[in-house]
Amino acid sequence: MATQEKSVDRISLLQGTLDLLILKNLVLGPCHGQGVARLIQRQSEDVFLVDHGSLYVALQRLEDKGWIRAKWGVSENNRKARFYSLTPKGREQLVEKTDQWQRLTRAMGLILNPGKGPQGEEA
């Protein structure tokens, strides 16, 4: 359900964030590109809408780095599709990138809410 109002509320993904979201979703198991995009949109409660051009560039970049692998298969609607899965190197990167993201969001929280402690309580 895409409405004008909903599209205004969507947030553009920072560079590198899409990679992390793709890796996180592939932990659940192999998935084709359109499925990854739908998962990200659903999990973000329609805040993130992944542009297909960006998605496939990111998938290719992750495959080139050896973090994911692709294999041809048949999708749920009986179409030929590339299914992506996480490699052991990709699992390592997911842990590292998740840690980096958590440090970044904590630091942003400290700056945006300077009077609050680590748990968001008043200092």
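The values are calculated or read from the model by the stated rules, or taken from the named source; none is laboratory data. The structure displayed is predicted, hence computed values, not measured ones. For accessibility, only protein heavy atoms count, side chains too; no ligands or nucleic acids. Shrake-Rupley method; radii C 1.70, N 1.55, O 1.52, S 1.80 Å.
Take residue 61: with every protein chain present and a 1.4 Å probe, its accessible area is about 90 Å².
Ranking of 56, 84 by solvent-accessible surface, largest first: 56, 84 (1.4 Å probe, protein heavy atoms only, all chains present). Rounded, prolate or oblate for region 46-123? Axes are the square roots of the Cα gyration tensor eigenvalues, ordered a ≥ b ≥ c, and the cut-off for rounded is a/c under 1.5. Here region 46-123 falls in the prolate category.
Close amide H contacts of residue 49 (hydrogens built in the peptide plane, cut-off under 5 Å, sequence separation of 5 or more or a different chain): 11.
Using θ = phi - 60° in the Karplus curve 6.51 cos²θ - 1.76 cosθ + 1.60, the 3J(HN,Hα) couplings for region 97-107 round to 5, 5, 4, 4, 5, 5, 5, 4, 5, 5, 4 Hz; x is entered for Gly and Pro.
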